Structure formats: C-alpha cells, structure tokens
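**Student:** Have a look at this one before I ask anything.
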Amino acid sequence: MTALVELDGVSHSYGGPFVLDHVHLIIEEPSFLGVIGPSGSGKTTLLRLVLGNLRPTRGAVRRRSDLRIAYVPQVETVNWNFPITASEVVLMAGASKWYRPRATESERRRMSELLEQLGLGGFENRHIRELSGGQQQRVFLARALYSDPELLVLDEPTSGVDVRTRHEVVHLLTDLHRNGTSVVLSTHDINGLAAHLPIIACVNRELIAVGTPIEVLTPAVLERTYGAPMKVLEHGGMLLVTDSPMGLA
Amino acid sequence: MTLFEPFQFEFFRNGWMVSTLAGAICGLVGVYVVLRSMSYIGHGLSHSIFGGAAASAVLSVNFYLGAGIWGLLSALMIGRVARRGKVGADAAIGVIATASFAFGLALTNVFGTAKRSIEAVLFGSILGVTALEVVAVASVGVLAVGIIAGFYRKLLFATFDPEVADVSGVNVGRMEALLMVMLAATILFTMKIVGVLLISALLVTPAVIARMVTNSFSRMLVIAPLVGAVCGAIGMVISYHVDVSPGAVIILLASLIFVVVYAVTGARGRGNAAGMIH
C-alpha cells in the first residue's frame, strides 16, 4: 500500500491552545476512513491539514508529490443565494488551468457525464438552491470528481440531510472506493455512517484511536472521545452506539 | 433649454463619458464586491483613498499617482485583513479607512489651499474632467473587462468557494489581490465624478439590482454594468439641469431603480438578494 498523506507528530493552534496535538496518521491507498469526534474536537482542522489548507504549527504533513486531491465542504458552509447553476459549480473544477477562462466543449461533455452518472442529468441549468439536499450534495461531489481525484476528502457529507439522502451518499462513496478512490470524511453520525466504514479515527484534540469499527467503537474509546459514557450494542451484526446518560439504566 | 444642450460643452461631454463609464465599471466590479459580501470594503477603500487624495493635493503631487499608491496600499492591506479575519474585518477596515479619511481631513484643514479640489473628491464634480481622464477611465474599463474575461472561472471559484478553490489549485490570495487592485483602480478613476462619499453605493446598487432580476452569474456581469451605465449617463444630464452634484443624482437614480425592481420582482427578487449586503 502507498501512503497518500502522512501526518507526522502534527499539532495545530489558531493562536490559542492546540486544537489538535501530536497526531500521527497515515492515509494509504485505497483508504476509506471516517473521522469522528464531538463538536470542536478538531475534525475539520484535521481534514484541512490533510488538504494542505492549513500548515501545522508543529510536525509535518507529507503528501505524495503528484497526489490528485479533491474536497467536498459541508453543505452548511455553501452560500445558497449565490447566482450559480449546477453546471457552473462543476465546471469551476477546471479553473486551475489559466489558459482556459471559459469551459471548452470537452469540459462541458465531462460535466454532463458526471452529472448524468450521479443521477442529475437534465439539472445542469438549475440554480443550486432549487435542488434537493441529496442533489445539492451530489453536485458538489461531481465538482470534486471532475479532476478524477485519488483522494476525496469530505467534511460532514451527511450533515443536515434526510435518511434517504444519507443512504445515497454512503452508496456513492462506497462505489467510488470500490473503483479505487481513497475517501476520508468527518462525521457526527456514528450509527448511520461511521459504523459502516472500514476504518474509523476517533479525535478529541488528539488522535485517540484508529481501527476497524469493532476495534474502535468500544465504550472505553468512545468515553475518551466524547467525554461521556456511551453504550455499544450489537444488532444483526451491526454495532449501535447509544448515549448512556448518568442516572439512567 | 433643451435636454441635449449641455452636450455642446466639452467639459460636459468629457464628464458624461466618464460618468457613463464609471457607472459601467462600478457595476461590473460591484458584482464581485457584493457577492463576496465586501460592500464595506468598497466603502472603506473609497474613504482611505481620500487620505491619499488630500496628501497629493497638499504636496502638489499628481492626484492619480499619490492617491493611486495610497489606494493600492490600502486595498492590499484591507484585503489582507479581511482574509485573515483575526481582528474582525469590519472593525479593522473601519479603523484603517476612517484613520486615512481623518488624515485627509486634517491635511485639508491645516493647509486649506486645496479645499475646492478636495470638495470635488468628496462629493463629485462635473467640472474639469479632461480628455486624458476619459481615456484613463476607459483604460480602467478595458483592464477590468480583460481581467474578468481572462480569469473568469478562477475569480468565480475564489468568490463562491475560496477554501475549495485553494485546494483545487486556484491561487485565491492572488485572485483576491487582483480584485482589490481592480477595485482600487475603479474607485480612484471614478471618484472625481461620483465622489468618495457616494461611490460605494454605485458599486453596490447596480449589482444588487442585477441579482434581484437574475439567478445567473454571467447575466449579472452584463446587467449590473448596464444599470450602472444608464444611471451614470442619465444622472449626469439631470445633474446639469437641476444643478445638483452628479454623484448625488446618479446614486438617487440608482436607488430609484432599486426601489422599482424591488417592488416588481417581489419575494423572488428579495430572496435572490438576501444576504448580499453586510
């Protein structure tokens, strides 16, 4: 297996205390890694360090030199009032080529094919606000896939979406991983998403554990991660994590 | 007195051309300003440039050279502060812009000699626009169109989603610097007609009007300059006839169009423009 990204003793601070401290993590090809942790635990910071949007305060982040990397941000961060259509969002991905200020015919074909593959054929000229939650998520996924990435990074891809959309997103990502794309995502959704992934990383200002769901989703690891007692049940071969509020059986 | 009577005067023809071009350029650049929620930067930058204009007048340095250097430095500094966001961009810009504006006022009060030209910079004037200035404003227009056409997708990506643009190989810092330089040049070369105190409205209003009538970014880039140019052209003629400063008339006309479009487009227009002005 080849290392795509390696975080070597990485710490990061935004000026105050470290939001992430001394993280060692290797993302190999092909990975399918979910990062879980409570709000403010450093999940998004970890993703931004992997992407190269942030430089570590301490330690080093090594990326394979020719790595094609793409990012799907949280839908909550998108400006839905921006005057832009689904096709324009996808075609932005070709913007890095300075000699192509406008999309070429072949780029438009690629955009149409991607939207078609993701079940969005005929939605090219729709304003992004007019799409459903699942369709919006797929438009941003199409933009990320436009450059045929080897590593796809997603921040909370199922946040704020309904159950059906969550299933769609999980299936899409599973298919991508099967076809050789490495996927790293952050999520709050342990039962609906993280428990279905091959590898989970638990983060709370430090890397608490990395492993398969069976190895990581244990009451001890979850209590260290979330700072509160949690129960882990097994149902039909699946792990289910529940809150275990103090005083309640 | 006929409607077209003022066109017999060269100073008016020059002023009319500059105000029409100024409206179009402000409309075009304003699309990026409002979509990036940078309206306050346009306001701050125009106030900053006033300091440079006053210093140039007192030191007898060429207006465009002095105010241009001052404006460029202010633009880059404001852009950097807004990007880093450590202090709170609006607060930092408030400090930089008002300090520069206050410096300009102090210079004017102490030296007093350039009061008339400073008043023109503050409130706009149709007098004294030379043919060379028409060429200069037209050049800024050509430059702005060239930059927007040449970097269309990069500017769009950096405006819509800077974080992802950065990951995707777009140099977002460079795009922002380009935008700030374009904004500074636009303000610098159009402020004599519209005035420092009103130019931010000309940057914002045509773009907001365009946003209310369309959901397409590329159409906004056509509609906003058209609205700005119409306001500049008609506002200048009205300004001559009613003897009110052109900046005030141009902005009042733009505001009137805004009110009409706001009423006509109803909830859809208001929904489109929601969250654009900060």
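The values are calculated or read from the model by the stated rules, or taken from the named source; none is laboratory data. This structure is a prediction, so every number in the text was calculated from the model and none was measured. Here the Cβ is made from the backbone with ideal geometry for all residues, glycine too, and neighbour counts use every protein chain on show.
**Student:** Provide a single number: the residues in segment B:33-58 that are closer than 18 Å to B:V81 by Cα and small (G, A, S).
**Tutor:** Of the residues in that region, 6 qualify.
**Student:** Would you confirm, using the coordinates I've provided, whether B:L122 is more than 9 Å from chain A (Cβ to nearest Cβ), under 21 Å from B:C26 (Cβ atoms), out of contact with any His (no Cβ under 8 Å at 6 or more places or on another chain) and modelled with pLDDT under 85?
**Tutor:** Against the criterion (more than 9 Å from chain A (Cβ to nearest Cβ), under 21 Å from B:C26 (Cβ atoms), out of contact with any His (no Cβ under 8 Å at 6 or more places or on another chain) and modelled with pLDDT under 85), B:L122 qualifies.
**Student:** Here's something else I'd like to know. For segment B:132-179: of the residues being part of a helix (DSSP H, G or I) and touching a strand residue (DSSP E or B) at 6+ places or on another chain (Cβ under 8 Å), which is surrounded by the fewest Cβ atoms within 10 Å (Cβ to Cβ)?
**Tutor:** Pass one, segment B:132-179, residues part of a helix (DSSP H, G or I): B:132-150, B:152-160, B:162-167, B:172-179.
From what's left, touching a strand residue (DSSP E or B) at 6+ places or on another chain (Cβ under 8 Å): B:163-164, B:167.
Numbers: B:E163: 16, B:V164: 25, B:V167: 20.
Result: B:E163.
**Student:** Quick check on my filter: what residues within segment B:1-53 are under 13 Å from the mean Cα position of the chain (by Cα) and assigned to a loop (DSSP other than H, G, I, E, B)?
**Tutor:** B:M38
**Student:** Restricting attention to segment A:33-45, does a residue exist that is more than 30 Å from A:E223 (Cα to Cα), in contact (Cβ under 8 Å) with a residue 40 or more places away in the chain and either in a loop (DSSP other than H, G, I, E, B) or away from chain B (no Cβ under 14 Å) (or both)?
**Tutor:** No, segment A:33-45 contains no residue that is more than 30 Å from A:E223 (Cα to Cα), in contact (Cβ under 8 Å) with a residue 40 or more places away in the chain and either in a loop (DSSP other than H, G, I, E, B) or away from chain B (no Cβ under 14 Å) (or both).
**Student:** Okay, moving on. For segment B:244-260, how many residues are crowded, with 18+ Cβ neighbours inside 10 Å and either free of Cβ contacts under 8 Å to residues at least 24 places away in the same chain or of a type outside the set (G, A, S) (or both)? Break it down into steps so the answer makes sense when it comes.
**Tutor:** The initial filter retains those residues of segment B:244-260 that are crowded, with 18+ Cβ neighbours inside 10 Å, namely B:245-251, B:253-254, B:258.
This time we only want the ones that are either free of Cβ contacts under 8 Å to residues at least 24 places away in the same chain or of a type outside the set (G, A, S) (or both), so: B:246, B:249-251, B:253, B:258.
Count: 6.
**Student:** Report, ordered by the first and then the second residue, all pairs with beta carbons closer than 6 Å, sequence separation of six or more or different chains, a first member in segment A:9-32 that is within 14 Å of another protein chain (Cβ to nearest Cβ), and a second member that is at pLDDT 95 or above and surrounded by fewer than 20 Cβ atoms within 10 Å (Cβ to Cβ).
**Tutor:** Partner pairs satisfying both residue conditions: A:S13/A:T57.
**Student:** Which one is nearest to the other protein chains (Cβ to nearest Cβ), of the residues in segment B:191-235 that are part of a loop (DSSP other than H, G, I, E, B) and touching a residue at least 60 places away in the same chain (Cβ under 8 Å)?
**Tutor:** If we take residues in segment B:191-235 being part of a loop (DSSP other than H, G, I, E, B) and touching a residue at least 60 places away in the same chain (Cβ under 8 Å), then B:L198 is nearest to the other protein chains (Cβ to nearest Cβ).
**Student:** Check whether at least one residue in segment B:194-201 is of a type in the set (S, T, N, Q) and within 20 Å of the chain's Cα centre (by Cα), and report yes or no.
**Tutor:** Looking only at segment B:194-201, we keep the residues that are of a type in the set (S, T, N, Q), and these are B:200.
Retained after the next criterion (residues that are within 20 Å of the chain's Cα centre (by Cα)): B:200.
Yes: one or more hits.
**Student:** Quick one: would you say B:G30 is more than 14 Å from chain A (Cβ to nearest Cβ) and under 21 Å from B:A177 (Cβ atoms)? First the steps, then the outcome.
**Tutor:** Working: more than 14 Å from chain A (Cβ to nearest Cβ): no; under 21 Å from B:A177 (Cβ atoms): yes.
No, not satisfied.
**Student:** For segment A:91-129, which residues satisfy the criterion of being outside any loop (DSSP other than H, G, I, E, B), more than 8 Å from chain B (Cβ to nearest Cβ) and touching a Ser or Thr at 6+ places or on another chain (Cβ under 9 Å)?
**Tutor:** A:R108, A:M111, A:S112, A:L115, A:I128
**Student:** Something else: Could you tell me how many of the residues in segment B:134-162 are touching a Ser or Thr at 6+ places or on another chain (Cβ under 8 Å) and at the interface with chain A (Cβ under 10 Å from one of its Cβ atoms)?
**Tutor:** Applying the first criterion (touching a Ser or Thr at 6+ places or on another chain (Cβ under 8 Å)) to segment B:134-162 yields B:137, B:140, B:144, B:154, B:157.
Filter once more, keeping what is at the interface with chain A (Cβ under 10 Å from one of its Cβ atoms): B:154, B:157.
Adding up the residues that qualify gives 2.
**Student:** Which condition breaks for A:P157 when tested against (1) within 14 Å of the chain's Cα centre (by Cα); (2) within 27 Å of A:L7 (Cβ to Cβ); (3) assigned to a helix (DSSP H, G or I)?
**Tutor:** (3) is the only condition that A:P157 fails.
**Student:** Within segment A:48-82, restricting attention to residues that are in a helix (DSSP H, G or I) and within 14 Å of A:L4 (Cβ to Cβ), which residue is farthest from the other protein chains (Cβ to nearest Cβ)?
**Tutor:** If we take residues in segment A:48-82 being in a helix (DSSP H, G or I) and within 14 Å of A:L4 (Cβ to Cβ), then A:L49 is farthest from the other protein chains (Cβ to nearest Cβ).
**Student:** Does B:A82 satisfy the criteria of being modelled with pLDDT of 80 or more and within 30 Å of A:Y14 (Cα to Cα)?
**Tutor:** Taking the combined requirement at face value, the residue does not satisfy it.
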